[in-house]
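Here's the structure we're looking at; comments come further down.
The values are calculated or read from the model by the stated rules, or taken from the named source; none is laboratory data. All figures in this text were calculated on a predicted structure; none of them were measured in a lab. Counting neighbours? That spans all protein chains shown, and the Cβs are built from the backbone with ideal geometry, glycine included. For accessibility, only protein heavy atoms count, side chains too; no ligands or nucleic acids. Shrake-Rupley method; radii C 1.70, N 1.55, O 1.52, S 1.80 Å.
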Amino acid sequence: SVVSHILNREGYAFGISWIVGALAFMYFTFDGLRREDPFALWLSVGVHFVVAGYSVFALTACGVKKDIGPEFRKIAVYNAIEICVAEAVLIPLAWKVHDLFGWFRFYRVGGDVRLQKLYITYNRFYSILKLDLATSLIIYTLTVFTLLNLLETTLDAGAMFFTILVMIMGNYGVREEARPAVYIFVCFLIVLPIYIVYKLCYLESNRNFPLLLCMGFTSFIIRAFLILYVFKAMRGFGQG
């Protein structure tokens, strides 16, 4: 995807951010498998399909261009076919693995149905938390490589560092049932999107603005679900 856009800076930023997102969700897939979390597994599979779809589009676009050489066109088309085959194999494999889930949860909380529900709620909260972090990372990466501006890069780095701290605090608050930390976390979840709105206004005339707008809207939806699961998890505080 980087190669298909290498001739312009905005396209290069798009390709870099896409790779960052793909790597992040590869990690989420392995972490979901490790924790036997069906929500994280299927969420990652869905995102992988989006990434694969764009990759096939970009590689196919390279394959039909006449100014890049026949050898590269062949490689691009072959890679697109390989991605399609890999994605076709992914679904039955994911379903097979999904059927094996459950032993890790039983090992952690036993057979108590109430505790298992609390454990599932926390796992979903944790998965949405990581999804929010990945979305923020993609947005900041996209803006950094689009602008290549020292001041804006510094602001983005600071915002990313602060976002990571907030996510760590939120995970700690829910896991340790610390209500003050959870309340502060929710306040920051409401305030942090203001920076994304600022970025959208700053890059309104940029070629990557539609992608940023889409990612920003997605981030707001994820934040809403994250707040929902925070309060859902708080209802189980003190129960195990």
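Here is how the numbers come out for the structure above:
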{"read-out": "For ALA224: the one exception among (1) surrounded by fewer than 18 Cβ atoms within 10 Å (Cβ to Cβ); (2) farther than 22 Å from VAL47 by Cβ", "value": "(2)"}
{"read-out": "Residue match in segment 135-158 (condition: within 29 Å of GLN116 (Cα to Cα) and either modelled with pLDDT of 75 or more or aromatic (Phe, Trp, Tyr) (or both))", "value": "yes"}
{"read-out": "Residue satisfying all of: in segment 194-221; farther than 15 Å from ILE138 by Cβ and of a type outside the set (Ser, Thr, Tyr); least open to solvent (accessible area, probe 1.4 Å) among these", "value": "ASN206"}
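Let's see how each residue does on (1) outside any helix (DSSP H, G or I); (2) under 18 Å from ARG35 (Cβ atoms); (3) in contact (Cβ under 8 Å) with a residue 60 or more places away in the chain:
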| site | (1), (2), (3) |
| --- | --- |
| TYR119 | no, yes, no |
| TYR122 | no, yes, yes |
| ALA134 | no, yes, yes |
| THR141 | no, no, yes |
| ALA159 | no, no, no |
| ALA181 | no, no, no |
| PHE185 | no, no, no |
